[in-house]
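Take a look at the structure below.
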Amino acid sequence: RLAKKLKSEPLKSDFTIDLKHEIALYIWQKGEGPHLTPVPEFCTDDVNSYKADHCATTFSNFLPLCGEPVNKEDVFVAVKTCRKFHGDRIPVVKQTWEREAALIEYYSNYADISIPTVDLGVPNTDRGHCGKTFAILERFLNHTSPRTPWLVVVDDDTLISIFRLRKLLSCYDPNEPVFLGERYGYGLGTGGYSYITGGGGMVFSRAAVQKLLASKCRCYSMDAPDDMVLGMCFSGLGIPITHSPLFHQARPMDYPKDYLSHQIPISFHKHWNIDPVKVYFTWLAPNTEESRNGKKVGYNREDL
């Protein structure tokens, strides 16, 4: 039924953001389609939990690790900011995850020596930051050590665990073009492309940046959405987007509790109506590494 429906009635949106949610809505058809049936035996409980006795499925929590975590000095972190957020967002980064980064620079439209920020000479734009992001990529290639294999580009309101990211990166070869993060899609039903959504953090191998900048693919305007342009460019180059569900474009409270309960997350994004410092120390700080399965870690996760 669904296959027949797809042929005659395309998806309503050009964007693919939360695949599970979008498929559920498509099946449900505003109540006209098949009912979605909850089955308690399909569980997200940990395989070692006493609750798992009745479960047909269980889940194991782990962070991918394929060898020694990459060295701190192998990860260069670029934080996108602008003058109006220097006073409220940058202090959060400094109180939380900045200490995990050996190599970090803040890129702004104003040079502030107290932070310090680097003025890239690119005006701030409200709609998208394509010009700024490509300037960061150029700077990474031309002004950092060629022995630094990884670049992470984050927003000034991204909360990230560099500690966990270094473990994840042990599973990838930086000599290959790697573009990693949370994957969204645009126009996938009509030959579109996938892209890494910027708020959760975009991770590039140096090889990926080299291939991108060697191509002629650039911003069609300075205020174009940088993450979508990058997805379009890498798609044209035949470089696949690598999805990890551990990066998050939104806040913990924006996801189902069961979904996060079987994850060791790497990032969250946005400071709206939350205490971002509490979110970091509850979900992402290195000392929470062993505290999983819904245990309280300093703060109550239910509130975040």
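Within the stretch 16-37, take every residue that is of a type outside the set (A, V, I, L, M), within 30 Å of Gly191 (Cα to Cα) and in a loop (DSSP other than H, G, I, E, B) and give me the one that is most open to solvent (accessible area, probe 1.4 Å).
Only one residue tops the list, namely Glu32.
All but one of (1) more than 14 Å from Asp155 (Cα to Cα); (2) polar (S, T, N, Q); (3) open to solvent by less than 40 Å² (accessible area, probe 1.4 Å) hold for Gln95; state the number of the condition that does not hold.
Unmet for Gln95, out of (1) more than 14 Å from Asp155 (Cα to Cα); (2) polar (S, T, N, Q); (3) open to solvent by less than 40 Å² (accessible area, probe 1.4 Å): (3).
State which residue is surrounded by the most Cβ atoms within 10 Å (Cβ to Cβ) when the search covers only the stretch 38-75 and only residues that are hydrophobic (A, V, I, L, M, F, W, C) and touching a residue at least 24 places away in the same chain (Cβ under 8 Å).
Val75
Among all residue pairs at least 6 apart or on different chains, which show Cβ distances below 6 Å where the first residue, located in the stretch 112-128, is without any contact (Cβ under 8 Å) to a residue 24 or more places away in the chain and the second is among the hydrophobic types (A, V, I, L, M, F, W, C)?
Hits for this filter: Asp119/Ala111; Leu120/Ala135.
Can we say Ala102 is of a type in the set (Gly, Ala, Ser) and open to solvent by 40 Å² or more (accessible area, probe 1.4 Å)?
yes
Restricting attention to the stretch 240-261, which residues are surrounded by fewer than 18 Cβ atoms within 10 Å (Cβ to Cβ) and in a loop (DSSP other than H, G, I, E, B)?
Scanning the stretch 240-261 gives Pro240, Pro245, Ala250, Tyr255, Pro256.
Residues checked against (1) basic (Lys, Arg); (2) in a loop (DSSP other than H, G, I, E, B); (3) under 27 Å from Leu65 (Cβ atoms):
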| site | (1), (2), (3) |
| --- | --- |
| Gly131 | no, no, no |
| Ala135 | no, no, no |
| Val153 | no, no, yes |
| Leu159 | no, no, yes |
| Leu165 | no, no, yes |
| Pro174 | no, yes, yes |
| Gly185 | no, no, no |
| Phe204 | no, no, yes |
| Asp223 | no, yes, no |
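Kindly check whether there is at least one residue in the stretch 129-152 that is within 20 Å of Met232 (Cβ to Cβ) and under 14 Å from the mean Cα position of the chain (by Cα).
Yes, that holds for at least one residue.
May I ask you to verify whether Ile196 is under 14 Å from the mean Cα position of the chain (by Cα), in contact (Cβ under 8 Å) with a residue 60 or more places away in the chain and either under 17 Å from Ala78 (Cβ atoms) or surrounded by 20 or more Cβ atoms within 10 Å (Cβ to Cβ) (or both)?
Against the criterion (under 14 Å from the mean Cα position of the chain (by Cα), in contact (Cβ under 8 Å) with a residue 60 or more places away in the chain and either under 17 Å from Ala78 (Cβ atoms) or surrounded by 20 or more Cβ atoms within 10 Å (Cβ to Cβ) (or both)), Ile196 does not qualify.
If you check Ser235, Ser267, which single one turns out to be small (Gly, Ala, Ser), farther than 22 Å from Lys94 by Cα and in contact (Cβ under 8 Å) with a residue 24 or more places away in the chain?
Criteria check complete, one pass: Ser235.
Starting from the stretch 271-289, keep only residues that are small (Gly, Ala, Ser), then list their pairs with residues that are at pLDDT below 95 whose Cβ atoms are within a distance under 9 Å, requiring at least 6 positions of separation or different chains.
From the stretch 271-289, the pairs are Ala285/Val297; Ala285/Gly298.
The values are calculated or read from the model by the stated rules, or taken from the named source; none is laboratory data. Treat the numbers as computed from the prediction; the structure is a model and nothing was measured. Positions of Cβ are backbone-derived with ideal geometry, glycine not excepted, and every protein chain shown enters the neighbour counts. Each accessible area value is taken on the protein alone, full model and side chains, heavy atoms only, with ligands, DNA and RNA left out. Shrake-Rupley method; radii C 1.70, N 1.55, O 1.52, S 1.80 Å.
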